[in-house]
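Here's the structure, in C-alpha coordinates; my notes come after.
The values are calculated or read from the model by the stated rules, or taken from the named source; none is laboratory data. Bear in mind the structure is a predicted one, so any value in this text is a computation, not a measurement. When we count neighbours, we look across all protein chains shown, and the Cβ atoms used for this are built from the backbone with ideal geometry, even at glycine.
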Amino acid sequence: MKAKKRRWKAQLTKQLYLWHWVSSAIALVGMLLFAFTGITLNHAGSIGSEPEVYAQDALLPNELQADLAAATDSLPYSVVLWIEEEFDLSVAHQSSEWSEYEIYVSLPRPGGDAWLLIDRESGEVMYERSTRGMIAYLNDLHKGRNTGFAWFVFLDVFSVATIIFCMTGFFLLLVHAKRRPSTWPLIISGFLLPFILIIFFVH
(Lines give C-alpha, C1' and ligand atoms only; values in the text may rest on other atoms or scores of the structure.)
Protein backbone atom coordinates (compact mmCIF):
# COMPACT_ATOMS: atom_id res chain seq x y z
CA MET A 1 0.00 0.00 0.00
CA LYS A 2 2.83 2.37 0.90
CA ALA A 3 4.65 1.48 -2.32
CA LYS A 4 1.50 2.26 -4.33
CA LYS A 5 1.12 5.58 -2.52
CA ARG A 6 4.76 6.45 -3.23
CA ARG A 7 4.32 5.61 -6.93
CA TRP A 8 1.18 7.77 -7.11
CA LYS A 9 2.95 10.66 -5.39
CA ALA A 10 5.95 10.30 -7.71
CA GLN A 11 3.68 10.36 -10.78
CA LEU A 12 1.78 13.37 -9.45
CA THR A 13 5.01 15.23 -8.71
CA LYS A 14 6.30 14.41 -12.20
CA GLN A 15 3.12 15.82 -13.76
CA LEU A 16 3.33 18.93 -11.60
CA TYR A 17 6.92 19.53 -12.70
CA LEU A 18 5.90 19.02 -16.35
CA TRP A 19 2.98 21.48 -16.18
CA HIS A 20 5.06 23.93 -14.15
CA TRP A 21 7.86 23.80 -16.72
CA VAL A 22 5.58 24.15 -19.78
CA SER A 23 3.52 26.98 -18.27
CA SER A 24 6.65 28.85 -17.21
CA ALA A 25 8.03 28.60 -20.75
CA ILE A 26 4.78 29.98 -22.22
CA ALA A 27 4.39 32.76 -19.65
CA LEU A 28 8.07 33.73 -19.24
CA VAL A 29 8.26 36.70 -21.62
CA GLY A 30 4.78 37.87 -20.69
CA MET A 31 5.56 37.75 -16.96
CA LEU A 32 8.77 39.74 -17.43
CA LEU A 33 6.92 42.30 -19.58
CA PHE A 34 4.05 42.63 -17.12
CA ALA A 35 6.39 42.86 -14.13
CA PHE A 36 8.41 45.62 -15.84
CA THR A 37 5.32 47.56 -16.94
CA GLY A 38 3.86 47.11 -13.46
CA ILE A 39 6.79 49.23 -12.23
CA THR A 40 6.47 51.79 -15.03
CA LEU A 41 2.72 52.13 -14.48
CA ASN A 42 3.23 52.53 -10.74
CA HIS A 43 5.68 55.38 -11.44
CA ALA A 44 3.89 56.81 -14.47
CA GLY A 45 3.79 60.28 -12.94
CA SER A 46 7.56 60.47 -12.65
CA ILE A 47 8.36 59.05 -16.09
CA GLY A 48 8.04 62.02 -18.40
CA SER A 49 7.74 61.83 -22.17
CA GLU A 50 7.21 64.41 -24.88
CA PRO A 51 4.70 63.22 -27.49
CA GLU A 52 5.93 63.23 -31.07
CA VAL A 53 3.34 64.47 -33.58
CA TYR A 54 3.35 63.69 -37.29
CA ALA A 55 0.88 65.45 -39.59
CA GLN A 56 0.12 65.07 -43.29
CA ASP A 57 -2.56 66.43 -45.60
CA ALA A 58 -3.59 65.86 -49.18
CA LEU A 59 -6.41 66.67 -51.58
CA LEU A 60 -8.81 63.96 -52.64
CA PRO A 61 -8.95 63.68 -56.48
CA ASN A 62 -12.15 64.96 -58.11
CA GLU A 63 -13.35 61.51 -59.21
CA LEU A 64 -12.95 60.20 -55.67
CA GLN A 65 -14.80 63.22 -54.29
CA ALA A 66 -17.70 62.17 -56.51
CA ASP A 67 -17.51 58.61 -55.10
CA LEU A 68 -17.51 60.04 -51.59
CA ALA A 69 -20.48 62.31 -52.32
CA ALA A 70 -22.50 59.24 -53.36
CA ALA A 71 -21.67 57.37 -50.14
CA THR A 72 -23.76 57.62 -46.99
CA ASP A 73 -22.20 55.96 -43.96
CA SER A 74 -19.01 54.17 -45.00
CA LEU A 75 -15.95 55.10 -47.02
CA PRO A 76 -16.04 53.91 -50.65
CA TYR A 77 -13.47 51.26 -51.56
CA SER A 78 -11.80 53.64 -54.03
CA VAL A 79 -11.27 56.22 -51.26
CA VAL A 80 -9.95 53.55 -48.88
CA LEU A 81 -7.38 52.46 -51.48
CA TRP A 82 -6.32 56.06 -52.12
CA ILE A 83 -5.84 56.69 -48.38
CA GLU A 84 -3.72 53.52 -48.09
CA GLU A 85 -1.47 54.68 -50.94
CA GLU A 86 -1.32 58.35 -49.99
CA PHE A 87 -0.89 58.02 -46.22
CA ASP A 88 0.38 54.43 -45.90
CA LEU A 89 -2.60 53.87 -43.62
CA SER A 90 -5.27 51.17 -43.48
CA VAL A 91 -8.81 52.37 -42.73
CA ALA A 92 -10.70 49.50 -44.35
CA HIS A 93 -12.19 48.16 -41.11
CA GLN A 94 -12.29 51.39 -39.11
CA SER A 95 -15.55 52.99 -38.09
CA SER A 96 -16.11 56.62 -39.09
CA GLU A 97 -18.25 59.49 -37.86
CA TRP A 98 -20.18 61.33 -40.57
CA SER A 99 -21.58 64.83 -40.44
CA GLU A 100 -22.84 67.20 -43.09
CA TYR A 101 -19.42 68.76 -43.58
CA GLU A 102 -16.81 66.19 -42.60
CA ILE A 103 -15.91 62.56 -41.97
CA TYR A 104 -13.83 61.72 -38.92
CA VAL A 105 -11.95 58.43 -38.49
CA SER A 106 -10.49 57.69 -35.06
CA LEU A 107 -7.35 55.54 -35.14
CA PRO A 108 -6.29 54.87 -31.53
CA ARG A 109 -3.16 52.77 -31.00
CA PRO A 110 -0.94 51.58 -28.15
CA GLY A 111 1.31 54.35 -26.89
CA GLY A 112 -0.33 57.05 -28.93
CA ASP A 113 -3.26 58.22 -30.98
CA ALA A 114 -4.17 59.07 -34.56
CA TRP A 115 -7.07 60.44 -36.57
CA LEU A 116 -8.07 61.14 -40.16
CA LEU A 117 -10.41 63.96 -41.19
CA ILE A 118 -12.02 64.40 -44.61
CA ASP A 119 -13.60 67.71 -45.50
CA ARG A 120 -16.63 66.74 -47.62
CA GLU A 121 -16.87 70.18 -49.27
CA SER A 122 -13.25 70.82 -50.27
CA GLY A 123 -11.99 67.22 -50.45
CA GLU A 124 -9.09 68.06 -48.14
CA VAL A 125 -7.83 65.07 -46.14
CA MET A 126 -5.86 65.63 -42.90
CA TYR A 127 -4.04 62.93 -40.99
CA GLU A 128 -2.32 63.26 -37.62
CA ARG A 129 -0.46 60.66 -35.56
CA SER A 130 1.06 61.12 -32.10
CA THR A 131 3.32 58.77 -30.15
CA ARG A 132 4.29 58.98 -26.48
CA GLY A 133 7.34 56.71 -26.57
CA MET A 134 8.21 53.08 -25.90
CA ILE A 135 7.28 53.13 -22.19
CA ALA A 136 3.77 54.36 -23.02
CA TYR A 137 3.54 51.70 -25.72
CA LEU A 138 4.48 48.92 -23.27
CA ASN A 139 2.10 50.32 -20.64
CA ASP A 140 -0.78 50.13 -23.11
CA LEU A 141 0.17 46.54 -23.94
CA HIS A 142 -0.07 45.81 -20.20
CA LYS A 143 -3.58 47.30 -20.09
CA GLY A 144 -4.68 45.82 -23.43
CA ARG A 145 -5.54 49.35 -24.60
CA ASN A 146 -6.23 49.63 -28.34
CA THR A 147 -4.20 46.48 -29.04
CA GLY A 148 -6.58 44.49 -31.25
CA PHE A 149 -7.95 40.96 -31.25
CA ALA A 150 -4.63 39.05 -31.49
CA TRP A 151 -3.24 40.68 -28.34
CA PHE A 152 -6.61 40.14 -26.63
CA VAL A 153 -6.26 36.39 -27.27
CA PHE A 154 -2.62 36.41 -26.15
CA LEU A 155 -3.60 38.02 -22.83
CA ASP A 156 -6.09 35.22 -22.19
CA VAL A 157 -3.55 32.50 -23.04
CA PHE A 158 -0.87 34.22 -20.95
CA SER A 159 -3.26 34.57 -17.99
CA VAL A 160 -4.20 30.88 -18.07
CA ALA A 161 -0.53 29.86 -18.33
CA THR A 162 0.33 32.12 -15.38
CA ILE A 163 -2.46 30.60 -13.25
CA ILE A 164 -1.21 27.09 -14.07
CA PHE A 165 2.36 28.16 -13.28
CA CYS A 166 1.35 29.57 -9.88
CA MET A 167 -0.91 26.66 -8.90
CA THR A 168 1.57 23.96 -9.88
CA GLY A 169 4.23 25.90 -7.99
CA PHE A 170 1.96 25.94 -4.95
CA PHE A 171 1.39 22.18 -5.08
CA LEU A 172 5.12 21.58 -5.54
CA LEU A 173 5.66 23.62 -2.39
CA LEU A 174 3.22 21.31 -0.61
CA VAL A 175 5.11 18.25 -1.85
CA HIS A 176 8.40 19.54 -0.41
CA ALA A 177 6.95 21.33 2.64
CA LYS A 178 8.05 18.63 5.11
CA ARG A 179 11.70 19.08 4.14
CA ARG A 180 11.46 22.88 4.08
CA PRO A 181 9.98 24.22 7.34
CA SER A 182 9.85 27.82 6.08
CA THR A 183 7.38 26.90 3.31
CA TRP A 184 4.16 27.52 5.25
CA PRO A 185 5.22 30.77 6.96
CA LEU A 186 6.25 32.15 3.56
CA ILE A 187 3.00 31.06 1.89
CA ILE A 188 0.88 32.54 4.68
CA SER A 189 2.89 35.77 4.65
CA GLY A 190 2.53 36.11 0.89
CA PHE A 191 -1.21 35.48 1.21
CA LEU A 192 -1.85 37.91 4.08
CA LEU A 193 0.42 40.78 3.05
CA PRO A 194 -1.80 42.15 0.22
CA PHE A 195 -4.89 42.04 2.47
CA ILE A 196 -3.05 43.83 5.30
CA LEU A 197 -1.88 46.55 2.92
CA ILE A 198 -5.39 46.97 1.46
CA ILE A 199 -7.10 47.13 4.86
CA PHE A 200 -4.66 49.47 6.61
CA PHE A 201 -2.83 51.46 3.95
CA VAL A 202 -4.98 51.65 0.80
CA HIS A 203 -7.52 54.49 0.99
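For this structure, a couple of remarks:
- Of all residue pairs spaced 6 or more apart or on separate chains, those with beta-carbon atoms under 7 Å, a first member in the stretch 86-100 that is surrounded by 14 or more Cβ atoms within 10 Å (Cβ to Cβ) and a second member that is outside any loop (DSSP other than H, G, I, E, B) and polar (S, T, N, Q) are Phe87/Gln56.
- Number of positions in the stretch 57-109 that are in contact with a Leu (Cβ under 8 Å, 6 or more places away or on another chain) and under 19 Å from Asn146 (Cβ atoms): 8
- Here is the figure for the stretch 34-43: residues that are touching a helix residue (DSSP H, G or I) at 6+ places or on another chain (Cβ under 7 Å) and either among the aliphatic types (A, V, I, L, M) or under 18 Å from Ile164 (Cβ atoms) (or both) total 2.
- Residues located in the stretch 115-143, provided they are in contact with a strand residue (DSSP E or B) (Cβ under 9 Å, 6 or more places away or on another chain), crowded, with 18+ Cβ neighbours inside 10 Å and over 13 Å from Ser49 (Cα atoms): Leu116, Ile118, Val125, Tyr127, Arg129, Asp140
- Total residues in the stretch 122-152, condition of a type outside the set (Asp, Glu), under 26 Å from Val80 (Cβ atoms) and out of contact with any Asp or Glu (no Cβ under 6 Å at 6 or more places or on another chain): 13
- Residues located in the stretch 114-135, provided they are in contact with a Ser or Thr (Cβ under 6 Å, 6 or more places away or on another chain) and at pLDDT below 95: Arg132, Gly133, Ile135
- Exclusive hit being out of contact with any helix residue (DSSP H, G or I) (no Cβ under 8 Å at 6 or more places or on another chain), at pLDDT 90 or above and surrounded by 14 or more Cβ atoms within 10 Å (Cβ to Cβ), set Val153, Val80, Val160: Val80
- Matching residues in the stretch 99-126 - criterion: being in a strand (DSSP E or B) and more than 23 Å from Ala70 (Cβ to Cβ): Ser106, Arg109, Gly112, Asp113, Ala114, Trp115
- Those residues of the stretch 171-184 which are more than 13 Å from Lys14 (Cα to Cα) and surrounded by 14 or more Cβ atoms within 10 Å (Cβ to Cβ), in sequence order: Leu173, Thr183
- Of all residues in the stretch 154-194, those being of a type in the set (Gly, Ala, Ser) and not in a helix (DSSP H, G or I) number 1.
- Evaluation of Ile163 against (1) under 30 Å from Glu50 (Cβ atoms); (2) assigned by TED's automatic domain parsing to the domain that holds Phe34 (one fails), failing number: (1)
- Residue within the stretch 46-63 that is modelled with pLDDT under 90, part of a helix (DSSP H, G or I) and either assigned by TED's automatic domain parsing to the domain that holds Leu117 or more than 20 Å from the chain's Cα centre (by Cα) (or both) present: yes
- Members of the stretch 101-114 found to be of a type outside the set (A, V, I, L, M), surrounded by 15 or more Cβ atoms within 10 Å (Cβ to Cβ) and under 19 Å from Leu59 (Cα atoms), listed by number: Glu102
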